[in-house]
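Below is one structure; the comments refer to it alone.
The values are calculated or read from the model by the stated rules, or taken from the named source; none is laboratory data. This one's a predicted model, so the numbers in the text were calculated from it and none came from an experiment. All Cβ positions, even for glycine, are placed from backbone atoms using ideal geometry, and neighbour counts span all protein chains on display. Each accessible area value is taken on the protein alone, full model and side chains, heavy atoms only, with ligands, DNA and RNA left out. Shrake-Rupley method; radii C 1.70, N 1.55, O 1.52, S 1.80 Å.
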Amino acid sequence: MNKYLINRLLVAIPTLIAISLVIFTILALAPGDPMGEFALNPSITAEVRENIKKSLGLDQPIHIRYIKWVIAFVRGDMGYSFTSRSPVMNLILQRLPTTLWVVGAAYLIGAILAIPLGVISALKRHTVIDHVLTTLVFFGFSLPTFFTGLLFIIIFSIQLKWLPFIYNSTLQVKDWQSFIAQIQQSIMPISVLALWQTAMLMRFVRSEILENIHQDYVRTAYAKGLSKFVVIRRHILRNALIPVVTLIALDIPSVFTGALVTEKVFRVPGIGALLIDSIYKNDTPVVMAITFIYAILIVIFNLVADILYGFLDPRVKYTK
């Protein structure tokens, strides 16, 4: 196991270097001028714009800028935003709690619901329960989140007037009343994301259960006199969850980047909204930081998924 981890970490380093090089090169050569906003301001002369460009390091060759950015990133310095002039780290940390609360809660609810519902749907195949769950999965996975979000707003905010449709980022939870207000404004964005996440994961769980339920090892387990619950929990589910674990592990980093569309629909001030705004404004330090952190999380959770294989299936051996 230790040798396997060391080898994977050694492979991860050049992988992340290659990813950082691709991200930096694409964003550096992308059309758009981060100094474009100053060009519309008549009070800022060309000389002042040139000085600002030098202070941001935009006058240096691309390879020098890349090396400086990598060294600073390793030290924990992600640079400064071109538009707000604030440290990129501070901008991300300001948005991270909201993203983890909304997107993280939705992902957790989706994972908790998808596994038992997928098992029930597979065990009750071709029954009314299976047809109902499959239909809900079809609608949940097919409808885009922006449509579901607008539908929720029309029903629960405009028609019924139960829930606010705009997320209040200035709300601070200090007492029971503010806590209830926080829950109310979070219900719709969390529900929209949880619906889509449940539908996506449940498809895979149901498919994997159906694939394993008629295997020879399942018949052997029943022949030994084991109960149906034990067979499902200790044999079928453990084998069926191996590809699902991969899907979940590789999807967890998306919690960090937020839900781009849903955050825009409900005005949730998360990292997804920050990323979209930064792309529109050509704020490359913010875009580079978010995308590279996402790449790092992908590499880390890919390794976590491989490690979890050994706990789910003892036959998996970590050899060189």
Testing Trp196 on (1) modelled with pLDDT under 85; (2) open to solvent by 80 Å² or more (accessible area, probe 1.4 Å), one condition comes back false. Which one is that?
(1)
Working only within segment 243-277, note down all residues that are under 30 Å from Tyr222 (Cβ atoms) and open to solvent by less than 40 Å² (accessible area, probe 1.4 Å).
Val244, Val245, Thr246, Ile248
Considering Leu201, Leu195, Leu171, which residue is outside any helix (DSSP H, G or I) and among the aliphatic types (A, V, I, L, M)?
Leu171
Tally up the residues in segment 75-90 that are in a helix (DSSP H, G or I) and open to solvent by less than 30 Å² (accessible area, probe 1.4 Å), please.
1
For Val70, only one of the following conditions fails: (1) over 22 Å from Thr25 (Cα atoms); (2) open to solvent by less than 50 Å² (accessible area, probe 1.4 Å); (3) at pLDDT 85 or above. What is its number?
(1)
Against the condition over 19 Å from Leu16 (Cβ atoms), of a type in the set (Ser, Thr, Tyr), open to solvent by 30 Å² or more (accessible area, probe 1.4 Å) and at pLDDT below 80, how does Tyr280 come out, does it pass?
no
With respect to Ile155, determine if the residue is open to solvent by 50 Å² or more (accessible area, probe 1.4 Å), assigned to a helix (DSSP H, G or I) and without any contact (Cβ under 8 Å) to a residue 40 or more places away in the chain.
yes
Val173, sole failed condition from (1) modelled with pLDDT under 85; (2) open to solvent by less than 70 Å² (accessible area, probe 1.4 Å)
(2)
Where Ile62 falls short, out of the listed (1) modelled with pLDDT of 85 or more; (2) open to solvent by 60 Å² or more (accessible area, probe 1.4 Å); (3) among the β-branched types (Val, Ile, Thr)
(1)
With the requirement that a residue be part of a helix (DSSP H, G or I) and open to solvent by 100 Å² or more (accessible area, probe 1.4 Å), what does segment 112-138 give you?
Ile112, Val128, His131, Leu136, Phe138
